[in-house]
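A.B. asks: Take this structure first; my questions come after.
Every number here is computed from the coordinates shown, using simple stated rules; none is lab data. Nothing here was measured: the structure is a model prediction, and the numbers come from that model. FYI the Cβ positions are ideal-geometry reconstructions off the backbone, even for glycines, and counts take in every protein chain you see.
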Amino acid sequence: MDKRFKYLIILIALVILFFVQTNYKTLFYNELSPVSQSKHKVATVLDYINRYYVDSVSWKATTDEAIKGALQTLDPHSIYLSRKEVKQTEESFEGRYQGIGIQFDIVEGYPTVISVIPGSPSDRAGLQSGDKIIKIEGESTHKISVDEVPRKLKGPKGTTVTVTIQRSGLDKPFDVKLERDEIPITTINTYFMIDSITGYVWINRFAQTTDNELEDALQDMESRGMKRLIFDLRDNGGGLLRQAVKVVGKFINGNKLVVFTRGKLKAFNESFYTAELREGKVRDYPLILLINHGSASASEIVAGAIQDYDRGLLIGTTSFGKGLVQNEFELPDGSRIRLTVSKYYTPSGRLIQRPYKNISRQKYYTELWEDSSKYESSDSTNDSPVYYTSKGRKVYGGGGIKPDIIVEYINPLKSAQWIVQLLEKRAFFETVEKWAPDLGYWKMDFDMFYKRFQVSDAMLKTLKQIARKHNITIPLKALREQKAFLKNRLKAELARHFWSMSEFYRVLLQNDNQFSAALSHFGEAEALLKMKKQEGKTQN
């Protein structure tokens, strides 16, 4: 063979070898699966940091932030829980703790109130879902870690913490001073007989005790002659799925499907039926459910099943729209990830989950409160998939549970900052403390107090004086417009002074337009029970 040809072959071989050597990593990387590529890429970055980064590295913080970042690209409900947060979550379902009483998430870098625990300091101060905590004790909370928030907000009973709130509808942030207290974990805010045949029960969440608490309340009211029920699930952020199924089983006979889940793996495909978890008897009286934008997850399971089986009439505003199911997976250091593994569907096949892709977490959590007309207008279901109830009524999927009757809540706290200041400074409490000694004779009979007591203009004048003492300006026109609210709040505060939180909430309902609307619609609820099944209706 010609020497020149041999040299040419050797040269080509060397060029090929050089190409393979310099491109081996890229060729190898491209042959990997997407998951393996991601693992390899992350491992490479960590290796570079370990070898070359100029300063010392907190590997725990780096790893935690990497995990959080990865989960935030998935959906709003897949999250990372540190060991401390795992403990706090278990406390909220099983025990008691001392703090201010909110559930929150980090949205656009700030702690944002997801729900307020009834009876807590935050509830008494008028905090509400969607409030953004931009400062704690004067320090910015921007980019604060999830586990750092409880450290700053929790503390011994009687100690205080000042938070700065940014609220949609208000031009400026405002400060709220909160006195920490023991946070109750009971799940029924109040229950009572409205009249001789109408009962009312308000559940704030679904925890281990909910089924038993509700059964006791129902039996108590039934023993007093209850023949119909208003079941309030407003601002119920959810909780334990099986508890929701147990609650549905108290009102729907037979062995009916309540909810089913579908995920990537068959192991996450589950169906839940009434008879499997039922304890106690089944009720057949007319039922009205109250829901709103704060009704989410397990409360939507209850509302969806009741609506799909035409068992009760739903009144209020469209629910939150959380139809994603999370499982917790433990990590080697005791922390966990809460990962969405399936989606849940109502008996008719409706997916309740509201769209979350291509929108910010801030918008996902606040758009219901900022633009409720988008969800309550007659056009809001134009693009929604149509389903049918057991008796052939139209219902819609893909965006929460829409009530049968829309009633927007009239909320003075939405735009009146001076009312929030009155709550924060405990002006209602201070007014009642001054007046309570002269009103002690009302304490003998709550029913008489509930029906007949009226807050006097003199008592309202005391409230205005206390407001001035705290440098709170009440516009004259706004005072006239909110007079009914102020008097109702003072009456409720007096009820709490004389009795308990249960009576406090009962009095507040006297000025609740959604509650009043429910009382006027029992005719429709009764007709729904008697309605015959319409023929020929199928899912679109």
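A.B. asks: Name the residue farthest towards the positive end of the dipole of the chain from the options Pro403, Gly237, Pro385, assuming +1 on Cβ of Lys and Arg, -1 on Cβ of Asp and Glu, about the Cα centre.
C.D. replies: Pro385
A.B. asks: Now for a different question. Ranked highest first by average number of other Cβ atoms within 10 Å, how do 406-413, 429-436, 489-496, 346-353 line up?
C.D. replies: Order by mean packing, descending: 489-496, 346-353, 429-436, 406-413.
A.B. asks: A further question on this structure: What full-extension length gain, to one decimal in nm, is calculated for Trp499 and Gln219 as 0.36 nm per residue of separation minus the Cα-Cα distance?
C.D. replies: Full extension of this stretch gives 98.6 nm more.
A.B. asks: Another question, then. Sorted by average packing, counted as other Cβ atoms within 10 angstrom per residue and highest first, what order do 140-150, 100-110, 167-177, 303-313 take?
C.D. replies: 303-313, 100-110, 140-150, 167-177
A.B. asks: Using unit Cβ charges (K, R positive; D, E negative) and no other charged atoms, how large, in debye to the nearest 20, is the dipole of the range 412-511 about its Cα centre?
C.D. replies: It works out to roughly 360 debye.
A.B. asks: A further question on this structure: How many nm is it between the label spots at Lys281 and Thr209, if each spot is 7 Å from the Cα in line with the beta carbon?
C.D. replies: So the two model labels end up 2.6 nm from each other.
A.B. asks: Follow-up question, since we're still on this one. Putting +1 on Lys and Arg Cβ atoms and -1 on Asp and Glu Cβ atoms, find which of Leu74, Thr340, Ser145 reaches farthest to the positive end of the dipole of the chain.
C.D. replies: Leu74
A.B. asks: Skipping prolines and chain starts, which residues have an amide H placed within reach, meaning under 5 Å, of the one on Leu289, given they are 5 or more residues away or on another chain?
C.D. replies: Long-range HN contacts for Leu289: Phe231, Leu313, Leu314, Ile315.
A.B. asks: To continue, here is another question. Taking the dipole about the Cα centre of the range 462-539, with the C-beta of Lys and Arg at +1 and of Asp and Glu at -1, give me whichever of Asn513, Ile466, Phe498 is farthest to the positive side.
C.D. replies: Among Asn513, Ile466, Phe498, the one farthest towards the positive end of the dipole of the range 462-539 is Ile466.
A.B. asks: Check Val107: other-chain or 5+ apart residues with amide H under 5 Å from its amide H, H built from backbone geometry?
C.D. replies: The list, which skips near neighbours in sequence, is Thr112.
A.B. asks: In vacuum, with every alpha carbon of the range 96-183 counted as one equal point scatterer, what does the Debye formula give for log10 I(q)/I(0) at q = 0.12 Å⁻¹? Two decimals, please.
C.D. replies: Log-scaled intensity ratios, in q order: -0.30.
A.B. asks: Give the relative contact order (percent, whole number) for the chain; include only Cα pairs under 8 Å separated by 6+ residues.
C.D. replies: 12 percent
A.B. asks: Sticking with this one: Once fully extended, how much extra length lies between Met193 and Met531, figured as 0.36 nm per residue of separation less the alpha-carbon to alpha-carbon distance?
C.D. replies: 119.0 nm
A.B. asks: Can you list the aspartates and glutamates whose alpha carbon sits under 13 Å from that of Lys157, skipping same-chain ones fewer than 8 residues off?
C.D. replies: Within reach: Glu179, Asp181, Glu182.
A.B. asks: May I ask for the angle, rounded to the nearest 10°, between helix 3-31 and the longest principal axis of the chain, with both axes built from Cα atoms and the value confined to 0 to 90°?
C.D. replies: Roughly 10 degrees, rounded to the nearest 10.
A.B. asks: Let me ask something else about it. On each of the three principal axes of the Cα atoms of the chain, give max minus min coordinate, whole Å, ordered largest first.
C.D. replies: 120, 65, 41
A.B. asks: Sticking with this one: For the residue pair Glu148 and Tyr97, what label-to-label distance in nm results when each label sits 7 Å from Cα along the Cα-to-beta-carbon direction?
C.D. replies: According to this spin-label approximation, the distance is 1.8 nm.
A.B. asks: Can you list residues whose amide H is under 5 Å from Tyr97's amide H, if they're 5+ apart or on another chain and H is modeled 1.01 Å from N?
C.D. replies: When sequence neighbours closer than 5 places are left aside, the close amide H contacts are Ile183.
A.B. asks: So what J values fall out for the range 351-366 if you push phi through Karplus, 6.51 cos²θ - 1.76 cosθ + 1.60 with θ = phi - 60°, rounded to Hz, Gly and Pro as x?
C.D. replies: 8, 7, 4, 7, x, 10, 6, 6, 10, 6, 4, 4, 5, 4, 7, 10
A.B. asks: Convert 20 °C to kelvin, take the viscosity as 1.002 mPa s, use the Kirkwood radius over C-alpha pairs of the range 135-270 as Rh, and evaluate the Stokes-Einstein diffusion coefficient in µm²/s, rounded to a whole number.
C.D. replies: 113 µm²/s
A.B. asks: Next question, about the same structure. Say R0 is 30 Å: what FRET efficiency, to the nearest 0.05, do Ser33 and Trp59 get from their beta-carbon distance?
C.D. replies: The value I calculate is 0.65.
A.B. asks: Okay, next question. Starting at the first residue of the range 48-56, write each ³J(HN,Hα) from the Karplus equation 6.51 cos²θ - 1.76 cosθ + 1.60 with θ = phi - 60°, in whole Hz, x for Gly and Pro.
C.D. replies: In residue order, the calculated couplings are 4, 4, 4, 7, 10, 5, 6, 10, 5 Hz.
A.B. asks: For the chain, what is the calculated [θ] at 222 nm in deg cm²/dmol (nearest 500), taking -39500 (n - 2.57) for each run of four or more DSSP H residues and dividing by its residue count?
C.D. replies: Here the helix-only value at 222 nm equals -12000 deg cm²/dmol.
A.B. asks: To continue, here is another question. Taking the alpha-carbon distance from Lys264 and a cut-off under 18 Å, which aspartates and glutamates remain once sequence neighbours fewer than 8 residues away in the same chain are dropped?
C.D. replies: Cα-Cα hits under 18 Å: Asp75, Glu328.
A.B. asks: Then there is this: How large is the Kirkwood hydrodynamic radius of the range 235-394, counting all unique pairs of alpha carbons, in Å?
C.D. replies: Kirkwood radius, the range 235-394: 16.8 Å.
A.B. asks: Which percent, to the nearest 5, of DSSP beta bridges fully inside the chain are antiparallel?
C.D. replies: 75 percent
A.B. asks: Averaged over all directions, how much area does the convex hull of the C-alpha atoms of the range 33-73 cover when projected, in nm²?
C.D. replies: Directional mean of the projected Cα hull area for the range 33-73 stands at 3.2 nm².
A.B. asks: Nothing charged except the Cβ atoms of Lys and Arg (+1) and of Asp and Glu (-1): what's the magnitude of the dipole of the chain about its Cα centre? Round to the nearest 20 debye.
C.D. replies: It works out to roughly 780 debye.
A.B. asks: Provide, as a two-decimal number, the C-alpha radius of gyration of the range 412-511 over 2.2 N^0.38 Å, N being how many residues it has.
C.D. replies: Against the empirical 2.2 N^0.38 Å value, I get 1.03 for the range 412-511.
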